[in-house]
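The values are calculated or read from the model by the stated rules, or taken from the named source; none is laboratory data. Quick caveat, the model's predicted, so the values are computed rather than measured. Quick reminder, even Gly has a Cβ in these numbers, built from the backbone with ideal geometry, and neighbours come from all protein chains shown.
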Amino acid sequence: MNALEIKDLRKSFKGFTLDGVSFCLPQGCIMGLVGENGAGKSTTIKLILDILHKDGGSVKILGKDNGEDIRLTKEDVGVVMDEVGLPTCLTAKQVGKIMASTFKNWDSAEYSRLITKLSLPENKEFKDFSRGMKMKLGIAIAMSHGAKLLILDEPTSGLDPVVRDEVVEMFYDFTRDETHSILISSHIVSDLEKLCDYIAFLHKGKLLLCEEKDELLARYAMVHCTAEELARLAPAAVKYKKENAYGTEAVVLRESVPDGMKISPISIEELFVFTVKGEGK
């Protein structure tokens, strides 16, 4: 079973359209949703969660239609949005007590363990939390009620590099259970490259690609050469290129590069930037 099945998802606002987005997240996997600000990442997540009403398409969460059965999936889905919405007067300790009455599978011991691991104060009011602390509390809640799917919108935003690394490791551990899956959006592409099995590129409301990360990294490479050297490659082998006074930089298909031509590994961030620039031409 797929954890998520999105087909032809559409939503229009004044000045923006999410245009027929389709992808599947297999169970036991992590998918990273990459896109610049305004690309449609948060809109996609809100449509998945039925926070926004879709104009068209379908969404299935753990095999259930999100419009009809979203209440039935509440226990199975842990959510962290870009803004963690909790009453400002509550402390982390009080939040734990409220969640114990909200979720039938709430694990108080796990919540306490995560609060300690993430160095969160138990008795400080939420209004006095930094943005990073708010995100950490949201993560602790999402991971303490036996969820099978985590849907995370910029969950590492506002976290320092050390804590970000710890949180990424927590997400990785979560999916060691093959029934657990994660959809995570982030503008910190390096986090997604370390963590994800699948990568989806969103740009101006369009899904540019959605593929296994390892396949992308194996298929594409970077070359730094002269324009003349690049011209010797078959046109289909050159996906995107950038020329400047110092030469040419291009994304190419590895299998099409002849022996003797030096290639370099490409990062997911580089591939995204070149893909977006290529789309704009």
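Thr156 - would you say it is of a type in the set (S, T, N, Q), under 22 Å from Gly28 (Cα atoms) and in the same structural domain as Ser22 (by TED's automatic domain parsing)? Before the answer, list the steps.
Values: of a type in the set (S, T, N, Q): yes; under 22 Å from Gly28 (Cα atoms): yes; in the same structural domain as Ser22 (by TED's automatic domain parsing): yes.
It is true that Thr156 is of a type in the set (S, T, N, Q), under 22 Å from Gly28 (Cα atoms) and in the same structural domain as Ser22 (by TED's automatic domain parsing).
Report, by residue number, each residue of region 140-156 that is buried (at least 16 other Cβ atoms within 10 Å of the Cβ) and more than 12 Å from the chain's Cα centre (by Cα).
Residues of region 140-156 buried (at least 16 other Cβ atoms within 10 Å of the Cβ): 140-145, 147-156.
Result: Ala140, Ile141, Ala142, Met143, Ser144, His145, Ala147, Lys148, Leu149.
Just to check your reading of the model, which residue among Glu269, Glu243, Glu249 is farther than 21 Å from Ser22 by Cα, touching a residue at least 40 places away in the same chain (Cβ under 8 Å) and not assigned by TED's automatic domain parsing to the domain that holds Ala39? If you could, list the steps in order and put the result at the bottom.
Values: Glu243 fails: touching a residue at least 40 places away in the same chain (Cβ under 8 Å); Glu249 fails: touching a residue at least 40 places away in the same chain (Cβ under 8 Å).
Only one candidate qualifies: Glu269.
Kindly indicate whether Ile61 is farther than 27 Å from Thr275 by Cα, β-branched (Val, Ile, Thr), at pLDDT below 95 and not assigned by TED's automatic domain parsing to the domain that holds Phe274.
Considered against the rule, which asks whether it is farther than 27 Å from Thr275 by Cα, β-branched (Val, Ile, Thr), at pLDDT below 95 and not assigned by TED's automatic domain parsing to the domain that holds Phe274, Ile61 comes out as yes.
Between Gly28, Gly40, Gly35, Gly57, which is touching a helix residue (DSSP H, G or I) at 6+ places or on another chain (Cβ under 9 Å), under 26 Å from Lys194 (Cα atoms) and not aromatic (Phe, Trp, Tyr)?
Values: Gly28 fails: touching a helix residue (DSSP H, G or I) at 6+ places or on another chain (Cβ under 9 Å); Gly40 fails: touching a helix residue (DSSP H, G or I) at 6+ places or on another chain (Cβ under 9 Å); Gly57 fails: under 26 Å from Lys194 (Cα atoms).
So the residue among Gly28, Gly40, Gly35, Gly57 that is touching a helix residue (DSSP H, G or I) at 6+ places or on another chain (Cβ under 9 Å), under 26 Å from Lys194 (Cα atoms) and not aromatic (Phe, Trp, Tyr) is Gly35.
If you check every pair at least six apart or on different chains, which have Cβ atoms under 7 Å apart with a residue in region 171-182 that is over 14 Å from Met1 (Cβ atoms) first and a residue that is small (Gly, Ala, Ser) and part of a strand (DSSP E or B) second?
As it stands, the answer is Thr175/Ser181, since those pairs meet every condition given.
Pull up region 195-250, narrow it to residues that are aliphatic (A, V, I, L, M) and exposed (fewer than 14 other Cβ atoms within 10 Å of the Cβ), then point me to the one that is modelled with the lowest pLDDT.
Going through region 195-250, the residues aliphatic (A, V, I, L, M) turn out to be 195, 199-200, 202, 207-209, 216-218, 221-223, 227, 230-231, 233-234, 236-238, 245, 250.
So of that shortlist, the ones also exposed (fewer than 14 other Cβ atoms within 10 Å of the Cβ) come out as 218, 227, 231, 234, 236, 245.
On the way: Ala218: 92, Ala227: 84, Ala231: 85, Ala234: 85, Ala236: 86, Ala245: 74.
Looking at residues that are aliphatic (A, V, I, L, M) and exposed (fewer than 14 other Cβ atoms within 10 Å of the Cβ), I get Ala245.
So which residues in region 90-139 are over 26 Å from the mean Cα position of the chain (by Cα), assigned to a loop (DSSP other than H, G, I, E, B) and not hydrophobic (A, V, I, L, M, F, W, C)?
Hits for region 90-139 are Lys104, Pro121, Glu122, Asn123, Lys124.
Consider region 140-160. How many of its residues are of a type outside the set (D, E, K, R) and assigned to a loop (DSSP other than H, G, I, E, B)?
Taking region 140-160 first, the residues of a type outside the set (D, E, K, R) are 140-147, 149-152, 155-159.
Filter once more, so that each one left must be assigned to a loop (DSSP other than H, G, I, E, B): 143-147, 155-159.
Of the residues in that region, 10 qualify.
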